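Structure, as structure tokens:
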Amino acid sequence: MLTANKSYYEKFADGSVKCIDEQIPFEIPESWEWERIGNIAFYKKGPFGSSITKSMFIPESKDAIKIYEQKNAIYKDVEIGGYYISDKKFDELKGFQVFPDDIIVSCAGTIGETYVMPKKMRKGIINQALMRIKLYNHEILDFYLLYFDFVLKNQANEQGKGTAIKNIPPFDILKNFLIPLPPIEEQYRMRNFIKTIAKDLDSVDENRNAISVLVAQAKSKILDLAIRGKLVPQDPNDEPASVLLKRIKAEHPKSKKKAKNISDNSHYPFIIPASWNWCRLENGCSLITDGTHQTPIYSETGFVFLSSKNVTSGKINWENVKHIPEDLHNVLHARLAPQLNDILLAKNGTTGIGALVDRECVFDIYVSLALLRPITEMFFPEYILLVINSPFVKSQFNQSLKGIGVPNLHLEYIRKVWITLPPILEQERIVKKVEEIFTSLDEIENSIKA
């Protein structure tokens, strides 16, 4: 209680009082009261571990008594769990019975999780991993739960362990914690305010997620427009793709495989500008292969070794990489030496995602990655990449997936994928426009997440 001289006194059962100013953690409004946590609730920890053993368990039945576990508190679910004891054994452990409106607290696993037992619950007891709390005045429930969580996390901080709760304080310490109690009406107002804020925060999270979905959809649409010749205007002064193809075929014998006949409209996947051409992916690459098929022996240091796990978001993750020893690297590199502006394509697991090798780096790749080496006189590597990541090419990949369980893109199908070939100068304009739009979309998404 607060006296006229602004000091706080605690009154004991024998009628004596004691000044507790030094124990008061912070000032509270005059209409509030400080109270010991032990004076507003009954606390009971579960029985010793040896009090409940597997030999006591019985099959579930109408008369079986349930044993509630820490999982019930952690997952906020009264139905979880499948351990039961007989009515006779319950008589020995009835001091640990839990009732509707009781609070159970997890003392093992994820410590400090609370759950209010519902009105409709099966008769049962708590096990050694739970603590039971019964408030003397249930009206303060919401405020009590907030402050109880604050007390536990504050204790964790004072112990220098961060906000992760490592243990529940012993009863003699826990019961002595002070809790500031507002008038009931104010507690209700605080509860309603917190619920409103929680709803607003949920709404913000939903809006953020919605924005992320819209940004992803917008990017997909931009790529689709880009490969159809609808993103930037055509320039009649650009050298047509058909002329470019003839020249490349003469310079690169491997690319002499027949490109799509532009006069045969019936075979077009869709209409493209007159200055564009259709070709297979293999027509635009000097090399399409995959990484080593042998399971590597990893080392703590050595040469970088990438797999499909490093290509998951349209870029190469160079941070979380594995390494292989020099002797294995020499063997693998003699077969395949990735280089700047190659494209890595995930062909196992999360398939069909491409990423550009954007730095000079000596590394090797696993079979879960395909390597595409664009003919740079014919394609901007960045254009090939955006084509690969477009909905049109992804749909072709999806139609050709093989394997039960883990999806797998075979090299033969990767090579045969249809792609669009714009004039080389238009490719450059397309790449710049896509980068410009994607940057703006990323800024929008990041501003929402900030």
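The values are calculated or read from the model by the stated rules, or taken from the named source; none is laboratory data. Just so it is clear, the structure is predicted and the values come from calculations on it, not from any experiment. Here Cβ is always computed from backbone atoms with ideal geometry, including for glycine, and neighbour counts include all displayed protein chains.
A few remarks follow.
- Qualifying residue in the range 198-213 (condition: at pLDDT 85 or above and outside the structural domain of ILE419 (by TED's automatic domain parsing)): yes
- Answer residue from the range 278-311, given it is acidic (Asp, Glu) and surrounded by 18 or more Cβ atoms within 10 Å (Cβ to Cβ) and is nearest to ALA355 (Cα to Cα) among those: ASP290
- Considering each residue of the range 100-113 in turn, at least one proves to be in contact with a His (Cβ under 7 Å, 6 or more places away or on another chain) and surrounded by 13 or more Cβ atoms within 10 Å (Cβ to Cβ).
- Among residues of the range 30-57 being hydroxyl-bearing (Ser, Thr, Tyr) and outside any loop (DSSP other than H, G, I, E, B), the one that is surrounded by the fewest Cβ atoms within 10 Å (Cβ to Cβ) is SER55.
- First in the range 26-37 and farther than 15 Å from TYR9 by Cβ, second anywhere and surrounded by 14 or more Cβ atoms within 10 Å (Cβ to Cβ) and among the aromatic types (Phe, Trp, Tyr), Cβ under 6 Å, 6 or more apart: ILE37/PHE177
- Qualifying residue in the range 313-323 (condition: under 17 Å from CYS361 (Cβ atoms), small (Gly, Ala, Ser) and either assigned to a helix (DSSP H, G or I) or in contact with a strand residue (DSSP E or B) (Cβ under 9 Å, 6 or more places away or on another chain) (or both)): no
- Sole exception among (1) at pLDDT 75 or above; (2) assigned to a helix (DSSP H, G or I); (3) farther than 27 Å from ARG373 by Cα for ILE179, by number: (2)
- Summed over the range 9-25, residues that are in contact (Cβ under 8 Å) with a residue 60 or more places away in the chain and closer than 22 Å to LEU135 by Cβ total 1.
- If you go through the range 204-240 and keep only what is part of a helix (DSSP H, G or I), free of Cβ contacts under 8 Å to residues at least 40 places away in the same chain and basic (Lys, Arg), you end up with just LYS221.
- Residue match in the range 243-250 (condition: at pLDDT 85 or above, part of a loop (DSSP other than H, G, I, E, B) and over 40 Å from the mean Cα position of the chain (by Cα)): no
- Take the conditions (1) outside any loop (DSSP other than H, G, I, E, B); (2) farther than 23 Å from PRO169 by Cβ; GLU60 misses just one of them, which is (1).
- When GLU426 is tested against (1) surrounded by fewer than 21 Cβ atoms within 10 Å (Cβ to Cβ); (2) outside any loop (DSSP other than H, G, I, E, B); (3) more than 33 Å from the chain's Cα centre (by Cα), just one condition goes unmet, and that condition is (1).
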